[in-house]
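Okay, structure first, notes after.
The values are calculated or read from the model by the stated rules, or taken from the named source; none is laboratory data. Because the structure is a prediction, the values reported are computed rather than measured. Cβ sites come from the backbone with ideal geometry, for glycine too, and all protein chains shown count toward neighbours.
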Amino acid sequence: MSAFRLDADQVAYARRVSDIAVEHLLPLTGTAEGRVNRPLLRAMGEHGLLRGLFGGAPDEPARDAAALQLCLLRESLAQVSGEAETALALQGLGSYPILQSGSAELVQRWIPQVIAGDAVAAFALSEPGAGSDAAALELRADPEGDGWALTGEKIWISNAPEADVYTVFARTTPDARARGVTAFAVPGDAPGLSGEHLDMLSPHPIGRLVFDGVRVDRAAVLGDVDAGFAVAMRTLDLFRPSVGAFAIGMAQAALDATLQHVRERTVYGAPLAQQQSVAHRLADLVTELEASRLLVYAAASAYDAGDDRDAQPRRSAMAKLYATEAAQRIIDGCVQLHGARALQHGHLLEHLYRDVRSLRIYEGASEIQRTIIARDLIGKVSSR
C-alpha cells in the first residue's frame with residue numbers, strides 16, 4: 001500500500017468532529033470522574049457522533065463499522081478531550097459485537113439506544129486470571145433449561161458496574177480454551193449481576209462484575225455457541241487500530257502544547273525553541289507521530305477494503321503497538337520540555353501523562369501485540 005493521504009471529505013469530517021467536541025462536549029467533561037458521564041453520551045448521540053462508530057451518517061441505519069472513520073473520529077476527539085473520546089470508544093467496543101453477531105431482535109433492542117446515548121454498553125472479557133490470555137477465562141455458563149446460568153467474575157471492565165448492556169464472554173465448554181467460549185448480551189439489571197467501581201491511576205469508569213447464577217437464554221447468544229472467541233477477536237481487530245488513533249490524538253495535543261511552550265518560554269535570553277537539543281527532540285517526536293498516523297490509517301483502510309483478511313490481526317497489532325508505545329514516548333518528551341509545570345495537577349500534560357499509560361495494556365498489552373505479529377511472520381516463513 002502506498003503512503004496514505006486523507007481526501008477532502010475525510011479532512012472535513014475530522015474538523016467537524018473537532019468543532020462539535022469543542023463547542024458541545026468539552027463543557028460537559030470533568031463532572032463525573034471515575035463514573036459514566038451520561039449527559040456527555042447523550043450529547044454525543046444528539047450530534048450524531050455515536051452513529052459514527054458504525055460508519056453511518058445521522059439519518060442512516062447502523063451498519064458495519066468503517067475502521068478509518070472510527071480512527072478519524074477517535075483521533076479528533078482525543079485532541080480535544082480524552083474523557084469524551086473514551087466515552088465514545090467504550091460505547092463502540094461494548095455494542096459492536098451485538099451489531100456484528102446479534103439477532104435482529106437484539107440489534108433493534110440495543111443499538112438505537114446506544115447510538116442515541118441512552119444506553120451504556122460495555123465489553124466484559126477480562127478476568128482476574130485471564131487478561132492477556134483471554135482464552136483462559138473461567139466465567140462459567142452452566143446449562144440450565146433452554147439456556148445457561150453465568151457464574152464467576154469479570155474485572156477491569158470499562159463502564160462497569162453502570163452499563164445497561166454487557167457483551168459477556170463465558171465458558172460453555174470446559175477445558176476447550178478458545179473453542180469453548182460463547183458471547184452473550186446481558187442486561188445490566190439482570191438478576192444475580194452485581195459489581196463495584198475500581199479506582200485507577202487515571203479517573204475512568206471501570207469496575208468489577210460478579211455473576212451469581214445470571215440467567216441467559218439462547219436469544220442472548222452473539223454468533224454461535226462455543227464461537228465467542230471469534231466474536232471478540234473480530235471486534236478487537238477493528239478497534240485496535242483506533243486505539244492507536246486515540247494515542248495519536250493525545251500525542252498531537254501534547255505536541256501542539258509543547259510547540260507553543262518552547263516558542264514562548266525564554267531561556268538564556270532566547271526562546272527555548274532555539275536550543276538545538278530542543279529542536280532536534282521535537283523533530284524526533286513529530287517523526288514518530290507521523291509514522292504512527294500512517295501505520296494506523298493504513299491498517300484501518302485495509303480493513304475497510306477487505307484486503308487479505310488473514311493479515312488483519314497483524315496489521316491491527318502493529319498499528320496499536322507502535323502508536324501506543326510512540327505516544328508514551330512523545331508525551332514523556334513533551335513533559336520533559338515543559339519542565340516541572342507539566343507535573344502540576346490540572347496541567348494538560350499531567351492529564352495526558354496519566355491517561356496514555358493504559359493504552360499499552362488494554363485491548364491486548366504491547367507484549368501480546370508483538371506475539372501476534374511474530375506468530376504471523378514466522379508462520380508465513382514456515383509455510384513457504
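For residue 188, state whether it is touching a Cys at 6+ places or on another chain (Cβ under 8 Å) and either of a type in the set (Ser, Thr, Tyr) or in contact (Cβ under 8 Å) with a residue 24 or more places away in the chain (or both). The answer is no for residue 188. Of all residues in the stretch 278-298, none satisfies being out of contact with any Lys or Arg (no Cβ under 8 Å at 6 or more places or on another chain) and not in a helix (DSSP H, G or I). Screening residue 46 against (1) under 25 Å from residue 198 (Cα atoms); (2) modelled with pLDDT of 90 or more leaves a single unmet condition, (1). Here the strands (runs of 3 or more DSSP E) wholly within the stretch 135-175 that include at least 2 residues being on the phi > 0 side of the Ramachandran plot are 147-158.
Here is a list: 149, 141, 119. Which entry is in contact with a Phe, Trp or Tyr (Cβ under 9 Å, 6 or more places away or on another chain) and within 29 Å of residue 52 (Cβ to Cβ)? Testing whether each residue is in contact with a Phe, Trp or Tyr (Cβ under 9 Å, 6 or more places away or on another chain) and within 29 Å of residue 52 (Cβ to Cβ) leaves just 119.
Condition check for residue 35 on (1) assigned to a helix (DSSP H, G or I); (2) of a type outside the set (Phe, Trp, Tyr); (3) over 16 Å from residue 80 (Cα atoms): one failure, at (1).
Out of the residues in the stretch 18-44 meeting the condition of being polar (S, T, N, Q) and either under 20 Å from residue 71 (Cα atoms) or more than 20 Å from the chain's Cα centre (by Cα) (or both), tell me which one is surrounded by the fewest Cβ atoms within 10 Å (Cβ to Cβ). That would be 31. Kindly indicate whether any position in the stretch 110-128 is more than 25 Å from residue 198 (Cα to Cα) and part of a loop (DSSP other than H, G, I, E, B). No, there is no match, as no residue in the stretch 110-128 is more than 25 Å from residue 198 (Cα to Cα) and part of a loop (DSSP other than H, G, I, E, B).
Every test in (1) of a type outside the set (Asp, Glu); (2) modelled with pLDDT of 95 or more; (3) farther than 23 Å from residue 74 by Cβ is passed by residue 230 save one, and that test is (2).
Applying the criterion of being within 14 Å of the chain's Cα centre (by Cα) and outside any helix (DSSP H, G or I) to the residues of the stretch 347-382, the residue that is nearest to residue 206 (Cα to Cα) is 362. Taking residues in the stretch 105-134 that are at positive phi, and partners anywhere that are part of a strand (DSSP E or B) and at pLDDT 95 or above, not one pair has Cβ atoms closer than 7 Å while being at least 6 places apart or on different chains. In this structure, is residue 304 of a type in the set (D, E, K, R), farther than 17 Å from residue 68 by Cα and either assigned to a helix (DSSP H, G or I) or at pLDDT 95 or above (or both)? No.
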